[in-house]
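**Q** Structure in structure tokens, see below.
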Amino acid sequence: MAFFSLMLGQVASSAAVWPFFRAERGGVTRVLELGAGVGFASLALLKGCGYGGNGSKHKIRILTTDKEPRALVLAALNAARHGVARRQKFEVFDFTDDKQVERLCPESYEFDLVMGAALQFDDAALWPPGRLWDVLARCVAPGGVVLLAHTAAVLSPPPGWAEEETRISGNDVGMRPRDHTDSEYEVLAVRRAGGGAGGGGSAHLAGGDEL
């Protein structure tokens, strides 16, 4: 949903989140967006950090993914229109496919930030919550940050997964309903435990490039 993605991008570009990122790998923050759709979250993150305008104090590279090729075509067009395409790569990727996850995120290939909107399916039998956290563990570096926009209180990391976490209400990012009741949406921000272990190689990109 577009509003989930916009929430995600706003939070990802906020000053409160950036101190959690590691200053390794030449000071470049490597970002993976899962289920990106037309790329609103990646776009909001880059624009919020100053790209496509007067420059940015953050060095960011984003791998924007979705299982639908048509969605990524639109994401690439959006990025080009807003002047941030050079900061992104686009790859068809289904995060529910274990073989694709293994290919995209081998153990030494980890991201500093992984973000996604509405990644948890309604049918827990098809996609148990534990599987999502397994996928995230493959993709985000120890000490890295996960941002998930979803219906409030739907997701929680398993015991021992997170070093710290916070929940950001939709009320705080412009998602309060018109009747001024509390928002039913939130962004869950989690820092993965084990930050002292550090990360390994460079994040994978389509075409053999590296971020």
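The values are calculated or read from the model by the stated rules, or taken from the named source; none is laboratory data. Quick caveat, the model's predicted, so the values are computed rather than measured. Neighbour counts are summed over all protein chains in view; Cβ atoms, including those assigned to glycine, are modelled from backbone coordinates with ideal geometry. SASA here: full protein model, heavy atoms, side chains in, ligands and nucleic acids out. Shrake-Rupley method; radii C 1.70, N 1.55, O 1.52, S 1.80 Å.
**Q** For the range 60-77, how many residues meet the condition of being in contact with an Asp or Glu (Cβ under 7 Å, 6 or more places away or on another chain) and open to solvent by 20 Å² or more (accessible area, probe 1.4 Å)?
**A** Looking only at that region, the number is 1.
**Q** Here is a follow-up. Given the options PHE111, PHE93, name the one that is of a type in the set (Phe, Trp, Tyr), open to solvent by less than 20 Å² (accessible area, probe 1.4 Å) and over 18 Å from LEU46 (Cα atoms).
**A** One residue alone meets the criteria, PHE93.
**Q** I would also like to ask the following. Yes or no: GLY144 within 15 Å of the chain's Cα centre (by Cα) and either closer than 19 Å to ILE62 by Cβ or crowded, with 21+ Cβ neighbours inside 10 Å (or both)? Explain how you work it out, then say what you get.
**A** On the way: within 15 Å of the chain's Cα centre (by Cα): yes; either closer than 19 Å to ILE62 by Cβ or crowded, with 21+ Cβ neighbours inside 10 Å (or both): yes.
Yes: the conditions hold for GLY144.
**Q** Separate question: Contact list please: Cβ distance under 7 Å, first residue in the range 18-38 and over 16 Å from ARG192 (Cβ atoms) and at pLDDT 90 or above, second residue open to solvent by less than 40 Å² (accessible area, probe 1.4 Å) and assigned to a loop (DSSP other than H, G, I, E, B), pairs at least six apart or on different chains.
**A** GLY35/PHE95; GLY35/LEU119
**Q** Only one residue in ALA153, ALA124, ALA80 is closer than 23 Å to ARG30 by Cβ, open to solvent by 30 Å² or more (accessible area, probe 1.4 Å) and either modelled with pLDDT of 85 or more or assigned to a loop (DSSP other than H, G, I, E, B) (or both). Which one? So that I can check it myself, show each step before the final result.
**A** On the way: ALA153 fails: closer than 23 Å to ARG30 by Cβ; ALA124 fails: closer than 23 Å to ARG30 by Cβ.
Every option except ALA80 fails the conditions.
**Q** Enumerate the pairs (first residue in the range 65-85 and under 20 Å from ARG103 (Cβ atoms); second residue anywhere and among the acidic types (Asp, Glu) and part of a loop (DSSP other than H, G, I, E, B)) with beta-carbon separation below 7 Å, excluding pairs fewer than 6 apart on the same chain, so at least 6 apart or on different chains.
**A** Once the first residue is under 20 Å from ARG103 (Cβ atoms) and sits in the range 65-85, its partners that are among the acidic types (Asp, Glu) and part of a loop (DSSP other than H, G, I, E, B) give LYS67/ASP94.
**Q** When you scan the range 99-115, do you find a residue that is free of Cβ contacts under 8 Å to residues at least 60 places away in the same chain and among the hydroxyl-bearing types (Ser, Thr, Tyr), even just one?
**A** Checked against the condition, which is being free of Cβ contacts under 8 Å to residues at least 60 places away in the same chain and among the hydroxyl-bearing types (Ser, Thr, Tyr), the range 99-115 yields no hits at all.
**Q** Being farther than 18 Å from LEU34 by Cβ and either open to solvent by less than 70 Å² (accessible area, probe 1.4 Å) or at pLDDT below 90 (or both) narrows it down to one of ALA118, ALA85, so name that one. Steps first, please.
**A** Values: ALA118 fails: farther than 18 Å from LEU34 by Cβ.
Only one candidate qualifies: ALA85.
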